[in-house]
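The values are calculated or read from the model by the stated rules, or taken from the named source; none is laboratory data. No experiment lies behind these values; they were computed from the predicted model shown. Cβ placement follows ideal geometry from the backbone for every residue including glycine, while neighbour counts extend to all protein chains displayed. Please note that ligands, DNA and RNA were not included when accessible areas were found on the heavy atoms of the full protein model with its side chains. Shrake-Rupley method; radii C 1.70, N 1.55, O 1.52, S 1.80 Å.
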Amino acid sequence: MELFSIAFAALLGSNIILSRFLGICPFLGVSKKTSNAVGMGIALIAVVTLSAIICFFLDKLLVALGLASYLELIVFILVIASFVQLLEFFLKRFIPSLYKSLGVYLPLITTNCVVLQVCLDLVSNSYNLLQTLVYAVSVAAGYMLVIVIFSHIRSRLDNTAEMPKPFKGNAIALITAGLMAMAFICFSGFSF
């Protein structure tokens, strides 16, 4: 039941985009097309999950060596940057269309505070390996869920002829993100 509670909170109740507003740059930049949103979501799931697992073990090593407070952040950033580079090489080689469509937003996963926040959360919450895995996948899946829903809404809004000129583009996108945050807040009161 504890794992379900962790997953539900990360996926819906405390969705990292809508409750903490982390990862907004790729969220706004990639969400114009649903296929790009799905690709970014899958890429983020891979990076977050693998980074969290490696950071879990590295944190245990750093704590054992007594260096956790000094090197934790630097090591986590190096792990994340390495996984993003591997993902970028993989996509460029095997899925070039997705690589081109993600453009500059793919390397932004490295600086995406979502990935780093997951690694820092697993340390501050003292999660075990299974809890770390559930939390990481749930946060990334929650990111993907929100970005895909947002891309559907944006595509419908972009095709609306009645949209007043001041609201076109990023203005309506930010208003929509705010309304989504208000809608998702209803999940924050659930506890299991």
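Among helices (runs of 4 or more DSSP H) entirely within the stretch 112-192, having at least 1 residues that are open to solvent by 30 Å² or more (accessible area, probe 1.4 Å) and closer than 29 Å to residue 74 by Cβ singles out 113-124, 129-158. Checked against the criterion of being open to solvent by less than 10 Å² (accessible area, probe 1.4 Å), closer than 25 Å to residue 124 by Cα and either touching a residue at least 12 places away in the same chain (Cβ under 8 Å) or among the acidic types (Asp, Glu) (or both), the stretch 17-27 contains one or more residues that satisfy it.
Would you say residue 84 is open to solvent by less than 50 Å² (accessible area, probe 1.4 Å), touching a Cys at 6+ places or on another chain (Cβ under 8 Å) and free of Cβ contacts under 8 Å to residues at least 60 places away in the same chain? Spelling it out, it is not the case that residue 84 is open to solvent by less than 50 Å² (accessible area, probe 1.4 Å), touching a Cys at 6+ places or on another chain (Cβ under 8 Å) and free of Cβ contacts under 8 Å to residues at least 60 places away in the same chain. In the set (1) part of a helix (DSSP H, G or I); (2) at pLDDT 80 or above; (3) under 20 Å from residue 140 (Cβ atoms), the condition left unmet by residue 93 is number (3).
Report yes if residue 63 is in contact with a Pro (Cβ under 8 Å, 6 or more places away or on another chain) and free of Cβ contacts under 8 Å to residues at least 40 places away in the same chain, otherwise no. No, not satisfied.
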